[in-house]
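Report on the following structure.
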Amino acid sequence: MRPTLIRNPWPGLQPFARLIFALVLIGGALLGLSSLASAAGKSCSSGSPGERAVCRAEQQVGDRYAMGTEGPNTFDCSGLAYYAYKGTGVGLKRTTAEAQSHKGKTVSVKNLQKGDLLYFDWNNDGNADHVGIYAGKGKMVHASSGSGKVKKVALTAYYKNHLDTAKRLAPTKPTKPKVDPKKPSTGETQPPKPEPTPSPVQTYIEINPAYG
């Protein structure tokens, strides 16, 4: 018994459907390229220091993890934090996560803002051994040694259970040079001393060289 063939009741629609499918694929590809170009061209020059740090960190997502590096193409966790805050007016030194964790104001998880630094204690020894940058909406950007790259991840219970502290950094205030009140400050000159008024006899001698 020969199988019954079912004919397409709309034979003219098949080429049209293929065309629509191809256009959808092309549009999606162009949209993805546009998003990448937009992210790459973002200047990160506006907003608070924390917002600018998040912007710089997000631009490094996908870069390779390498211990002891601070960019521009490879990072470790504290190197990424240093790189993100570089040029924002916040003086974050290039040190270990533990040393960085002593700088800034402690904030609670409920009051996190973009740019807050999250320090984790994986070894449960009371010392911070990893740092990430809070990116808002319950996510952070960090250089992950486990995955070998910079990632943006959700702050799941796994991360929260190892969170040691969260710190908010403020712009470093410029220090004013100390001025000794007994000495003129740099760039200032003492007023000239007035010349003594000559006596009548001295004046007579100056205008009469033959005197005496």
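One table, with the values for the structure above:
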| read-out | value |
| --- | --- |
| Matching residues in the stretch 115-141 - criterion: being hydrophobic (A, V, I, L, M, F, W, C) and either touching a Ser or Thr at 6+ places or on another chain (Cβ under 7 Å) or closer than 14 Å to Tyr158 by Cα (or both) | Leu118, Phe120, Trp122, Ala128, Val131, Met140 |
| Residue match in the stretch 58-73 (condition: at pLDDT 95 or above and under 10 Å from the mean Cα position of the chain (by Cα)) | yes |
| Test set (1) open to solvent by less than 20 Å² (accessible area, probe 1.4 Å); (2) in contact (Cβ under 8 Å) with a residue 60 or more places away in the chain; (3) of a type outside the set (Val, Ile, Thr); (4) part of a strand (DSSP E or B) - Lys151 fails condition number | (1) |
| Any hit, the stretch 162-180, residues being over 30 Å from Lys86 (Cβ atoms), open to solvent by 100 Å² or more (accessible area, probe 1.4 Å), at pLDDT below 95 and outside any helix (DSSP H, G or I) | no |
| Residues being more than 20 Å from Gln100 (Cβ to Cβ) and touching a strand residue (DSSP E or B) at 6+ places or on another chain (Cβ under 8 Å) - total across the stretch 153-171 | 1 |
| Some residue of the stretch 75-86 being modelled with pLDDT of 60 or more, more than 30 Å from Asn123 (Cβ to Cβ) and open to solvent by 50 Å² or more (accessible area, probe 1.4 Å) | no |
| Filter result (over 23 Å from His102 (Cα atoms), of a type in the set (Asp, Glu) and not in a helix (DSSP H, G or I)) within the stretch 42-86 | Asp63 |
| The stretch 87-117: number of residues that are in a strand (DSSP E or B) and out of contact with any helix residue (DSSP H, G or I) (no Cβ under 8 Å at 6 or more places or on another chain) | 2 |
| Of residues in the stretch 122-148 being at positive phi and modelled with pLDDT of 95 or more, the one most open to solvent (accessible area, probe 1.4 Å) | Lys137 |
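The values are calculated or read from the model by the stated rules, or taken from the named source; none is laboratory data. If you're wondering where the values come from, they're calculated on a predicted model, not measured in any experiment. Neighbour counts run over all protein chains shown; Cβ positions are idealised from the backbone, glycine included. Quick note on the areas: whole protein, heavy atoms, side chains included, nothing else; ligands and nucleic acids left out. Shrake-Rupley method; radii C 1.70, N 1.55, O 1.52, S 1.80 Å.
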